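Asks: Below is a structure I'd like to ask you about.
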Amino acid sequence: MKKLLSMLLVLSMAAAMTGCAGGSTSGTAPETEAPAESTEAADESAAEDEAQDAETADTEDVAEVMSYDEYMAADLDSQVTIEAYVQAKQSWWENQATVYTQDEDGAYFLYNMACSEEDYELLTQGTKIRVTGYKTEWSGEVEIIDASFQIVEGDTFIAPALDVTEMLGTDDLINYQNQFVQFNGLTVEAAGQDEDGNDVAFLYSYDGSGSEGDDLYFNASYNGETYTFTIESYLCDSTTEVYSAVKALEIGQTVNMEGFLYWYEGVNPHITSVSIAE
């Protein structure tokens with residue numbers, strides 16, 4: 001009898017333990033499902049945050065673009081972001097490009113901007129680009145260095161030549177620095193002398209020490225004042241019409257010119273065309 005009771009007691013305890021084990025198993029199922037739902041919700045939240053961050057970044061990029069007046073007011077060595085249109089390309093070397101750009105309000109000279117050779121080919125006249133770099137000054141020339149850029153699809157702009165002839169010799173001229181300009185009715189003056197002591201209309205390099213293919217320097221006067229003009233050989237090399245035209249100049253001729261209002265220790269235009277005034 002005692003054995004029977006003992007056996008019944010053992011069976012009852014075993015059944016009870018089995019019930020507890022089953023209850024434990026059923027209780028763990030929701031716990032394994034809950035983290036999955038939580039992970040999915042977290043992923044969706046993270047995706048929404050990334051989308052919002054991207055939208056905010058785009059908005060900030062647009063907001064950071066400066067007007068020309070804001071750019072000119074910015075401190076030297078400060079980071080600037082501008083949008084402008086390519087007017088001419090001066091050079092490309094070792095993934096760096098030097099480019100003349102302009103918008104309806106002013107001009108920007110981009111010196112040694114990061115640029116692949118493939119992208120350089122895309123920088124055709126009138127192409128709009130957004131540029132971020134550092135505003136600096138070198139011998140009076142205000143420019144952007146250490147820059148990167150991206151092409152902005154949409155409208156194009158080619159600046160007409162602004163006649164600044166009457167501004168020669170005035171303090172106002174520098175306000176048009178780097179713009180595409182024209183000079184009309186200037187008189188060719190002697191640029192120096194050749195080996196025989198004869199006056200010449202142009203020099204290879206600024207001191208006459210250069211040779212064919214180097215920059216050309218020549219002088220022209222207006223209202224009794226003489227100014228120096230340059231054919232920048234990287235911009236207009238010895239195969240261009242303007243290079244040949246300057247080599248053919250004669251002292252006393254009256255000329256009209258177009259080019260970019262570059263600055264070096266004073267006005268030093270980079271000329272792109274020269275014609276004899278009729």
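Each reported figure results from applying straightforward, stated rules to the coordinates on display, with no laboratory input. Owing to the predicted nature of the structure, the values given are computational and were not obtained by experimental measurement.
Asks: For region 153-235, what class follows from the C-alpha gyration tensor (a ≥ b ≥ c being the square roots of its eigenvalues): rounded when a/c is under 1.5, otherwise prolate if a/b is larger than b/c, else oblate? Don't jump to the answer; show the numbers that get you there.
Replies: Working: a/c = 3.05, a/b = 1.51, b/c = 2.02.
Note, shape of region 153-235 comes out oblate.
Asks: Would you grab the residues whose amide H sits under 5 Å from the one on GLN96? Only those 5+ places off in sequence or on another chain, please, with H modelled 1.01 Å from N.
Replies: Residues meeting the criterion, in which the H sits 1.01 Å from N, are CYS115.
Asks: Starting from the coordinates of the alpha-carbon atoms of region 68-151, obtain the Kirkwood hydrodynamic radius over all distinct pairs and give the value in Å to one decimal.
Replies: Values: mean 1/r = 0.0795 Å⁻¹.
Evaluated on region 68-151, it is 12.6 Å.
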